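Since the structure comes first, as C-alpha cells, the remarks are kept for the end.
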Amino acid sequence: MQIHVRKNQYAGFTLIELMVTVAIIAILATVALPSYQNHVMRANRSAAASFLMEVANMQERYYLDARAYAADMSALGASTPAELSDRYTITTVANNAATPPSYSVSAAPKGAQSIDSCGTLTLNNKGEKGHASGATRCWD
C-alpha cells in the first residue's frame, strides 16, 4: 500500500480563517467587557456599603461610651480601607447638639467609580439607607 502526499500542500491557517477568528474574539470582548466592568462596579459599591455599616456600628459603640457621636473617622479610630480609598470618599457627620443626637455616614464615588448610577450612598443613625439616584438595588 502506497500513500501519496502532495508536495505543494501547506499546513497552517489562511488569512481569512485568521481574520474570522480575530473578529469572533473582538465580538466576544465587546459583549464581555461591559458586563465585567459592571460587576466590578457593583462589587466596589457593595464594599463601600459594607464599610458604611461598619462605621455605623463604630458610631453606636462610641455613643455608648461617650454619650455623643464621633465627629469624624479619626475619633472612631478608623480609616478608609486602601481598596476603597481610590474609589470612594467616606465621611461622617455628627450632630450632637440635636435632640436626640444624630449622625450620618456617606460614601461619595470618585475616579472610575464616579459613573456608578447609584451615586453617593448614605446611612444615618436611624438605619435609613439612601443613595443619590432612583436606582432600586444600590444597597444589595
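The values are calculated or read from the model by the stated rules, or taken from the named source; none is laboratory data. Worth saying up front: this structure is predicted, and the values here are computed from it rather than measured. Positions of Cβ are backbone-derived with ideal geometry, glycine not excepted, and every protein chain shown enters the neighbour counts. Accessible surface areas use protein heavy atoms only, side chains included; no ligands, DNA or RNA. Shrake-Rupley method; radii C 1.70, N 1.55, O 1.52, S 1.80 Å.
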When region 91-107 is checked residue by residue, the ones that are more than 19 Å from Val40 (Cβ to Cβ), open to solvent by less than 40 Å² (accessible area, probe 1.4 Å) and either modelled with pLDDT of 90 or more or touching a helix residue (DSSP H, G or I) at 6+ places or on another chain (Cβ under 6 Å) (or both) are Thr92, Ala94, Pro101, Ser102, Tyr103, Val105, Ser106
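Which ones in region 58-68 are over 18 Å from Tyr88 (Cβ atoms) and under 27 Å from the mean Cα position of the chain (by Cα)? So that I can check it myself, show each step before the final result.
At the first step, the residues of region 58-68 found to be over 18 Å from Tyr88 (Cβ atoms) are 60-68.
Answer for region 58-68, where residues must be over 18 Å from Tyr88 (Cβ atoms) and under 27 Å from the mean Cα position of the chain (by Cα): Glu60, Arg61.
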Out of the residues in region 70-89 that are open to solvent by 20 Å² or more (accessible area, probe 1.4 Å) and touching a strand residue (DSSP E or B) at 6+ places or on another chain (Cβ under 7 Å), which is farthest from Val105 (Cα to Cα)? Arg87
So which residues in region 110-122 are open to solvent by less than 30 Å² (accessible area, probe 1.4 Å) and either touching a residue at least 60 places away in the same chain (Cβ under 8 Å) or among the polar types (S, T, N, Q) (or both), if there are any at all? Gln113, Asp116, Cys118, Leu121
For region 59-69, how many residues meet the condition of being open to solvent by 60 Å² or more (accessible area, probe 1.4 Å) and not in a loop (DSSP other than H, G, I, E, B)? 5
Taking the condition under 22 Å from Lys129 (Cβ atoms), in a loop (DSSP other than H, G, I, E, B) and in contact (Cβ under 8 Å) with a residue 12 or more places away in the chain, does Ala56 pass? no
